[in-house]
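The values are calculated or read from the model by the stated rules, or taken from the named source; none is laboratory data. Please read all numbers here as calculations on a predicted model, not as lab measurements. Backbone-built Cβ (ideal geometry, glycine too); neighbour counts: all protein chains shown. Keep in mind that these areas ignore ligands, DNA and RNA; they rest on the heavy atoms of the full protein, side chains included. Shrake-Rupley method; radii C 1.70, N 1.55, O 1.52, S 1.80 Å.
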Amino acid sequence: MVMAVVAAAIFVATLVVVIWQPKGFPIGYTALIGAVVALATTVVGLSDVPTVVGIVWNATLTFVAVVLISLILDEAGFFEWAALHVARWGRGNGRLLFVLIVGLGAVIAAVFANDGAALILTPIVVGMLRALNMPQKAALGFILATGFIADTGSLPFVVSNLVNIVSADYFHLGFAEYAAVMIPVGIVSVLASLGMLLAYFGRSIPKRYDVLALTNPAAAVKDRATFRAGWVVLALLLVGYFAADPLGVPLAAVAGVGAVVIVLVAARQPAFLFARTASAPVLVTTGGTATVRAAGGGAGAPSGRVIPVWKTIREAPWQIVLFSIGMYLVVYGLQNQGLTDHLATLFDVFGDHGVLVTALGVGFTIAILASLMNNMPTVLIAALAISGAGATGLTHDVMVYANVIGSDLGPKITPIGSLATLLWLHVLEKKGIHIGWGQYFRTGIVLTIPVLAITLAALAGWLTLIH
């Protein structure tokens, strides 16, 4: 009993500091300190370390690689180019623009992970809305929709969310096996999200906007070679993901190769060979930044690297590796002291009442836990509990995927539900946009509960159909 209290206290203290994020104290170091305390108090043993590393290494390295690819492509202008094209497709129709932005967010979340969608697309959308002189209330609707769809759209693939990778690795789900279940369910989640977002923000969206106020998409591309290489890398990644499992290759290796290729292309010297002509504008780099100058005059332009590659590599989420190992060691202490057994018992109760009750019961339980204590520790706590439950066959599968859905969607209820949301709010603050926690919660709970219920019901129906 005493050790159970100690394990719970270490977990709560570590989680509070992680969410608080004191300035100059990265989350990885916080989690590692929690793990050291857990080891010192024998809540976990040294023999648990390789077990935890075996659970999280592939997930975290895959996630870092995917985010690094997205950061490099963002520097090349890939996402701004896509957003500007989408805005032009709206043809001045405000509601259509809203639908297209949500759709773009869902695609980016699926391919580049939820963090990429929230942290990269949001500043681009903010800049676009300012260029269009959107009213403040309408702009807030677009911004909140972008943040919301980043998580609700991160179901389709294993690589779409870090918690997806952790859960898939823990239960040995292959990329194709996972996608066969979650692509249809993910489509339902996106459509339900779009319906709720339109119902909630629809009246504030202007009927028309000025397409002519938008920048030419071609001007957004800062490094054409990296931009083009990005399409090739993404295509090869998709093939590699599906081929990896039958060949026994970890996803981290596939994503890692993709990251290395795109980094090498972006880091090439010189990045461009410029020549002025009388008919085309010239891209000139000065001090690591790119500008477009009109054609004509002068014999040439300086060459150099447009993308600050090493700066971008340093900004990749390396802390997440330390955080995953440290935090999951702390969570493992909860299992060692029997605290996850209580959750397993609750899951068994849900499992005794059919597939739909299991999906809704497990999914909403995980969503509440994720919204209160962050989805990263929640997904492993739930995975340990599912392993300890007596469910088998279809009921077990429903629990596994309901854990993913609850961990992906549940964090949208509160600002502390995921680290991505906290970072997203920080990005908005830097852009001069303040969203209070109370305002976020009032919006988040109204939008999330119906979408979560519909998505979990879709999971129950789809798994029953294909099982």
Q. Which order do Met182, Met3 take when ranked by solvent-accessible area (1.4 Å probe, heavy atoms of all protein chains), largest first?
A. Met3, Met182
Q) Can you give the three extents of the C-alpha atoms in the chain along their principal axes, from longest to shortest, in whole Å? A) 80, 48, 44
Q) In debye to the nearest 20, how big a dipole does the chain give about its Cα centre with +1 on each Lys and Arg Cβ and -1 on each Asp and Glu Cβ? A) 2160
Q. Scanning the chain for helices, which whole DSSP H stretches are 18 Å or more long along the axis (Cα) and average 1.0 or more by Kyte-Doolittle?
A. 2-20, 27-40, 48-76, 94-116, 175-201, 224-247, 251-266, 319-336, 355-373, 375-388, 437-466
**Q.** Cα lying deepest toward the dipole's positive end in region 299-428, options Phe350, Ile366, Gly326, charges on Cβ
**A.** Gly326
Q.
Rounded to the nearest 10 Å², what accessible area does Asp74 have for a 1.4 Å probe in the complete protein model?
A. 50
Q.
With a 1.4 Å probe and all protein chains left in place, how much of the accessible area of the chain comes from carbon and sulfur atoms, in whole percent?
A. 68
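Which entries of Lys137/Lys222; Lys311/Lys412; Lys222/Lys431; Lys311/Lys430; Lys222/Lys412 have Cα-Cα distances beyond 28 Å here?
Violating the 28 Å Cα-Cα cut-off are Lys137/Lys222; Lys311/Lys412; Lys222/Lys412.
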Q. Can you put Thr340, Thr41 in order of accessible area, largest first, using a 1.4 Å probe?
A. Thr41, Thr340
**Q.** Cut-off 9 Å between beta-carbons: net charge of the residues surrounding Ala420, Lys and Arg +1, Asp and Glu -1
**A.** -2
Q. Accessible area per residue of the chain at 1.4 Å probe, in Å²?
A. 41
Q | Value of relative contact order over the chain, rounded to a whole percent, pairs C-alpha under 8 Å and six or more apart | A | 22
Q: Rank these by accessible area, largest first, 1.4 Å probe: Tyr170, Tyr29, Tyr209, Tyr178.
A: Tyr29, Tyr170, Tyr209, Tyr178
